[in-house]
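Asks: Below is a structure I'd like to ask you about.
The values are calculated or read from the model by the stated rules, or taken from the named source; none is laboratory data. Just so you know, these numbers come straight off a predicted model, no measurement behind them. With ideal geometry, Cβ positions are generated from the backbone for all residues, glycine too; neighbour counts draw on all protein chains shown. Protein only, heavy atoms only, side chains kept; ligands, DNA and RNA dropped before computing areas. Shrake-Rupley method; radii C 1.70, N 1.55, O 1.52, S 1.80 Å.
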Amino acid sequence: MPLVDGKSLLLEAQRKHKAIPAFNVENMEFVQGVVSAAEKMEYPVIIQTTPSTVRYASVEYFAAIVKCAAEKSTARIALHLDHGDSLQLAADAMAAGYTSVMIDGSKLPFAENMELTKSVTKKAAGYGVSVEAELGTVGGKEDSASCSQILYTDAEEAAEFVEKTGVDSLAVAIGTAHGFYKGEPKLNLKRLEEIRNKVEIPLVLHGTSGVPYETVQKCIELGICKVNYATDLRKAFTEAVKANFSAEGVDPKKYLGAGRQAVEAAAVERIRICRLG
Ligand code: 13P
């Protein structure tokens, strides 16, 4: 079926007290693996790409691949720009057919983050595209942006930000980090509850790879409606490709096909977490 919009998926998940997994993809095999997992699990998913991924190819390439995969499938799929870093990139993604965009002004002062976000919500209204923003800082490294310090989202600021920008979902900083964790991540669930009590729109969890399943489900109970996974899928794909790569073989379908299967298996497991069984 055609791509669906991100906002309606998240509002539906919120009503059902579940979450939609959002998977970062890097190539056609990732897209096929994720869509196949969504079909098998009969559960909607968000497919997303970071700025470095779309700079490697382009938003048009990824939109074409994901639209093709969605149209051949019975699964409901939204296409989202993850960590959009400018109004221009968000606008390019909307023009290419993305049905949801994130504008990440979280490293900017509060007022500047608000202004940048407002410029994107204004543009998105014309396209009927939903907008995610971020307040506070998620640690670790995603793309070229890295952050060594985690600043928890402030609940009062979150309420003001949402009201003044008109965003559809908000990524919150509660102790997660992008990439691999060194020890077990310590999440501030009390802060999540405080934010939930002040903010009605769907909340988003970044940096979920490596967070124990029970903790993710606790976050979903406390109002997280979109759960982002990147590193787990990249690891699954890369390990499968390495394991199936031979010095003599010259058929990329062999090792890329193994990568695709590994992505599908990783996505199935994470859909189960977000679907709560
Ligand atoms: P992980 O790489 O930790 O899964 O984080 C993904 C993410 O939040 C993408 O925005």
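Asks: Against the definition (in contact with a Phe, Trp or Tyr (Cβ under 7 Å, 6 or more places away or on another chain) and either within 19 Å of Val263 (Cβ to Cβ) or in a loop (DSSP other than H, G, I, E, B) (or both)), how does Ile65 come out, yes or no?
Replies: Considered against the rule, which asks whether it is in contact with a Phe, Trp or Tyr (Cβ under 7 Å, 6 or more places away or on another chain) and either within 19 Å of Val263 (Cβ to Cβ) or in a loop (DSSP other than H, G, I, E, B) (or both), Ile65 comes out as no.
Asks: In this structure, does Pro212 turn out to be within 16 Å of the ligand (Cβ to nearest atom) and under 18 Å from the mean Cα position of the chain (by Cα)?
Replies: The answer is yes for Pro212.
Asks: Return the total of residues in region 159-202 being over 14 Å from Cys219 (Cβ atoms), hydroxyl-bearing (Ser, Thr, Tyr) and modelled with pLDDT under 95.
Replies: So the count comes out to 1.
Asks: Among the residues of region 215-232, write down those that are aliphatic (A, V, I, L, M), away from the ligand (no atom under 13 Å from the Cβ) and either open to solvent by less than 10 Å² (accessible area, probe 1.4 Å) or more than 17 Å from Val199 (Cα to Cα) (or both).
Replies: Passing the criteria: only Ile220.
Asks: Against the condition in contact with a helix residue (DSSP H, G or I) (Cβ under 8 Å, 6 or more places away or on another chain), more than 13 Å from the ligand (Cβ to nearest atom) and of a type in the set (Lys, Arg), how does Arg270 come out, does it pass?
Replies: For Arg270, the condition - in contact with a helix residue (DSSP H, G or I) (Cβ under 8 Å, 6 or more places away or on another chain), more than 13 Å from the ligand (Cβ to nearest atom) and of a type in the set (Lys, Arg) - is not met.
Asks: Looking at region 32-49 only, could you name the residues that are in a helix (DSSP H, G or I), touching an Asp or Glu at 6+ places or on another chain (Cβ under 7 Å) and open to solvent by less than 20 Å² (accessible area, probe 1.4 Å)?
Replies: Residues satisfying the conditions are Gly33, Ala37.
Asks: Suppose we filter Val263, Val241, Val216, Val250 for residues that are part of a loop (DSSP other than H, G, I, E, B) and more than 19 Å from Asp168 (Cα to Cα); which single one remains?
Replies: Val250
Asks: Tell me which of these Ser52 doesn't satisfy, since it passes every other one: (1) more than 16 Å from the ligand (Cβ to nearest atom); (2) open to solvent by 30 Å² or more (accessible area, probe 1.4 Å).
Replies: (1)
Asks: Would you say Gln88 is within 18 Å of Ala236 (Cα to Cα) and either more than 16 Å from the ligand (Cβ to nearest atom) or surrounded by 24 or more Cβ atoms within 10 Å (Cβ to Cβ) (or both)?
Replies: So Gln88 fails the test.
Asks: Return only the number of the condition from (1) in contact (Cβ under 8 Å) with a residue 40 or more places away in the chain; (2) farther than 19 Å from Ala230 by Cβ that Ala37 does not satisfy.
Replies: Against the list (1) in contact (Cβ under 8 Å) with a residue 40 or more places away in the chain; (2) farther than 19 Å from Ala230 by Cβ, Ala37 comes up short only on (2).
Asks: Out of all the residues in region 126-145, is one or more away from the ligand (no atom under 15 Å from the Cβ), hydrophobic (A, V, I, L, M, F, W, C) and open to solvent by 60 Å² or more (accessible area, probe 1.4 Å)?
Replies: no
Asks: Any residue in region 192-202 that is open to solvent by less than 10 Å² (accessible area, probe 1.4 Å), within 16 Å of the chain's Cα centre (by Cα) and within 12 Å of the ligand (Cβ to nearest atom)?
Replies: No, region 192-202 contains no residue that is open to solvent by less than 10 Å² (accessible area, probe 1.4 Å), within 16 Å of the chain's Cα centre (by Cα) and within 12 Å of the ligand (Cβ to nearest atom).
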